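Below you'll find the structure, written out as structure tokens, and then a few comments.
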Amino acid sequence: YDSARYYLREGIHLFERLDKNDTYLALLTNLASSYLYEGINDSALMHSQNALKWSEQMKDTVMQIENLNQLGVIYRKKNMPDQSILFYEKALHLCDLIGQKMRVPSLYFNIAILYAESDRLEEGLDFSRKALDYSLKIGDKNIYESNFMMDKDTMLVAVSDGVVHAGVGHSLDLGWEW
């Protein structure tokens, strides 16, 4: 993370001397993300708040949604569920205002995680269903649902090509054939 942060900061400094644009906002957000991914929540919080401030000043609503979502995750990790919900709700409100439907399922799912971690499993399950139902309404994708019973000590292993490649299927065929 150190080398990534070095280059992110270099890019930020460059754009501070130039006109700030969406690349500047992405650099600020990615810097915050680097701390979040490493579990350094206080630094992630500080940098996410800064990124949100700039996205608001630059009136970039899509980036505001991203920053609000990230703040929701940070507050969830800091065991501050009320703050977390507040940021998720703000992000959902902005999604509704600008018709940004693609972000809504992930916001619902993040709320589901928050409730599940707070031992509010029914509410977590409700938001998981809400995320799935909403996902089925957008785009042309195949989503397969399976229901099965598991014992308490059973492990479920899931494999993914990761969020970077999510949904690209035929245009980025990794050749896994399974």
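For Leu97, the criteria (1) open to solvent by less than 60 Å² (accessible area, probe 1.4 Å); (2) of a type in the set (A, V, I, L, M); (3) at pLDDT 95 or above hold in every case but one, which is (1). In segment 31-88, the residue that is least open to solvent (accessible area, probe 1.4 Å) out of those that are part of a helix (DSSP H, G or I) and among the acidic types (Asp, Glu) is Glu66. Inside segment 91-150, residues that are in a helix (DSSP H, G or I) and either charged (D, E, K, R) or in contact with a strand residue (DSSP E or B) (Cβ under 7 Å, 6 or more places away or on another chain) (or both) make up a count of 11.
The set of residues in segment 100-151 being open to solvent by 100 Å² or more (accessible area, probe 1.4 Å) and hydroxyl-bearing (Ser, Thr, Tyr) consists of Tyr144 alone.
Which ones in segment 86-129 are charged (D, E, K, R) and touching a Lys or Arg at 6+ places or on another chain (Cβ under 9 Å)? Listed by number, the residues that qualify are Lys101, Glu117.
The values are calculated or read from the model by the stated rules, or taken from the named source; none is laboratory data. Just so you know, these numbers come straight off a predicted model, no measurement behind them. Reconstructed Cβ throughout: ideal geometry from the backbone, glycine too, with neighbour counts over all protein chains shown. For the accessible areas, the whole protein counts, side chains as well, though only heavy atoms, and no ligand, DNA or RNA atoms are used. Shrake-Rupley method; radii C 1.70, N 1.55, O 1.52, S 1.80 Å.
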